[in-house]
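Asks: Next up is a structure, given as structure tokens.
The values are calculated or read from the model by the stated rules, or taken from the named source; none is laboratory data. Just so you know, these numbers come straight off a predicted model, no measurement behind them. Neighbour counts are summed over all protein chains in view; Cβ atoms, including those assigned to glycine, are modelled from backbone coordinates with ideal geometry.
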Amino acid sequence: MTKPTFIGGLLQEIEFSRKKIRDFGLVMLFIPGLLIPAVLSWLADWSITSAAAIFALTGIFLFVFTLVRPMALKGVYKGWMLLALLLALLTTKITISLVYFLVMTPIGLYRRYQNDDPISMKADSQKESYWVDRKEQRPTPESYEKQY
């Protein structure tokens, strides 16, 4: 058995049931078939543009296929879901990177500027040992009961 490729692994996560493909066709009627043409027409002062007509016809075409033969849309559904998964992977990495660099980096730079060392990581040649004595006693077994 060969290892699945990256895209093959993503495609294994997608469910290709008749209901899922039918739901996809209904969504395609609403978004590219109705919503996008309405927005494009509104932006063009309610005149029908060729882009709006293309989106509307595409949505209607996919909806008709959904009613007649939903499994005929399996390839379109597969491509759409693969695109959605790849975009999700990309946007997740971008979002996490932005949060890290815009939140964590300034905090780290500020703490470094303040010479903050909360866990005593800096070397100190004056210390005999880096051992930290515990002031409190070890917990008793009774303290683990009824913690809440």
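Asks: Just one of Gly79, Gly108, Gly59 is among the small types (Gly, Ala, Ser) and under 23 Å from the mean Cα position of the chain (by Cα); which is it? Can you show your working first?
Replies: Working: Gly108 fails: under 23 Å from the mean Cα position of the chain (by Cα); Gly59 fails: under 23 Å from the mean Cα position of the chain (by Cα).
Within the list Gly79, Gly108, Gly59, the selection yields Gly79.
Asks: To continue, here is another question. Please specify each residue of segment 61-70 satisfying the condition of being surrounded by 14 or more Cβ atoms within 10 Å (Cβ to Cβ) and either out of contact with any helix residue (DSSP H, G or I) (no Cβ under 6 Å at 6 or more places or on another chain) or closer than 16 Å to Phe30 by Cα (or both). Show your work before the answer.
Replies: From segment 61-70, those surrounded by 14 or more Cβ atoms within 10 Å (Cβ to Cβ) are 61-63, 65-66, 70; that's our starting set.
Those that are surrounded by 14 or more Cβ atoms within 10 Å (Cβ to Cβ) and either out of contact with any helix residue (DSSP H, G or I) (no Cβ under 6 Å at 6 or more places or on another chain) or closer than 16 Å to Phe30 by Cα (or both): Phe61, Leu62, Phe63, Phe65, Thr66.
Asks: From the residues in segment 36-59 that are surrounded by 14 or more Cβ atoms within 10 Å (Cβ to Cβ) and hydroxyl-bearing (Ser, Thr, Tyr), which one is farthest from Gly25 (Cα to Cα)?
Replies: Checking each candidate, the answer is Ser41.
Residues checked against (1) assigned to a helix (DSSP H, G or I); (2) under 16 Å from Lys20 (Cβ atoms):
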{"residue": "Asp45", "(1), (2)": "no, no"}
{"residue": "Ala51", "(1), (2)": "yes, no"}
{"residue": "Phe55", "(1), (2)": "yes, no"}
{"residue": "Thr58", "(1), (2)": "yes, no"}
{"residue": "Leu62", "(1), (2)": "yes, yes"}
{"residue": "Leu67", "(1), (2)": "yes, yes"}
{"residue": "Ala72", "(1), (2)": "yes, yes"}
{"residue": "Met81", "(1), (2)": "yes, yes"}
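Asks: Hey, another quick one. Got a sec? Which of Thr105, Thr66 is among the hydroxyl-bearing types (Ser, Thr, Tyr) and modelled with pLDDT under 90?
Replies: From the options Thr105, Thr66, the qualifying one is Thr66.
Asks: Is there any pair linking a residue in segment 111-124 that is touching a residue at least 12 places away in the same chain (Cβ under 8 Å) to one that is exposed (fewer than 10 other Cβ atoms within 10 Å of the Cβ) and not small (Gly, Ala, Ser), with Cβ under 9 Å and at least six apart or on different chains, and which?
Replies: Ser120/Tyr130; Ser120/Val132
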